[in-house]
Amino acid sequence: MKIKRIHHVAYRCTNAKETVEFYQRVMGMDFQLAIAEDEVPSTKEPDPYMHVFMDAGNGNVLAFFEVPNSPTMQKDPNTPEWLQHIAFEVEDMASLLSAKARLEAEGLGVLGPVDHTIFKSIYFFDPSGHRLELAVNTAKPGMLEELHEVAPAMIEEWDRTKKAPKHAAWLHDGTFATTEEK
């Protein structure tokens, strides 16, 4: 099997109209289309829903379902709030800082910028409580290649120990050396 790309990613929302307006106004996304049914096509269950699709750029589609007959939406109490999020890439640091100012002007609480060495990002929440991230790549030449190279060893060590492997400790201690520096 060869995957071409992600067709869309879908999440639940509390209110489809409010969600569309937020992603249009705050995130600058185009509202592509809406699909509404009284019956779930795959299961034939009688469960009305509104399914909305937002253009997240470069052929990426972010979709949401409003399902009013289901129990109230809630977060998984066993999953830390910081963990599940949707991350979007912005062009440069100026764009990230401009976005932060716009989000704060909207009255949203914004965390960051947080320096992850290979990117910097800010975090905030949408009206349904989904954590969103805006990130700008800041990797120096060779960093992503180094991470790719050590990834198999890291996953093997993690699987055995459930402790953070130190193969990429340079992400946090500032010791990465480019090829020219080595």
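The values are calculated or read from the model by the stated rules, or taken from the named source; none is laboratory data. This is a predicted model, so every value here is computed, not measured. All Cβ positions, even for glycine, are placed from backbone atoms using ideal geometry, and neighbour counts span all protein chains on display.
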Which pairs do you get when a residue that is within 17 Å of Phe88 (Cα to Cα) and not assigned by TED's automatic domain parsing to the domain that holds Phe22, found in segment 100-117, comes within reach of a residue that is of a type in the set (Asp, Glu) and loosely packed, with under 14 Cβ neighbours inside 10 Å, reach meaning Cβ atoms under 8 angstrom, with the pair 6+ apart or on two chains? Val110/Glu104
Determine whether Val67 is hydrophobic (A, V, I, L, M, F, W, C) and more than 22 Å from Asn15 (Cα to Cα). no
Test result for Pro165, exposed (fewer than 11 other Cβ atoms within 10 Å of the Cβ), touching a residue at least 12 places away in the same chain (Cβ under 8 Å) and farther than 30 Å from Glu18 by Cα: no
Looking at Lys75, Lys44, Lys17 in this structure, which one is among the basic types (Lys, Arg), more than 14 Å from Gly129 (Cα to Cα) and modelled with pLDDT under 95? Lys44
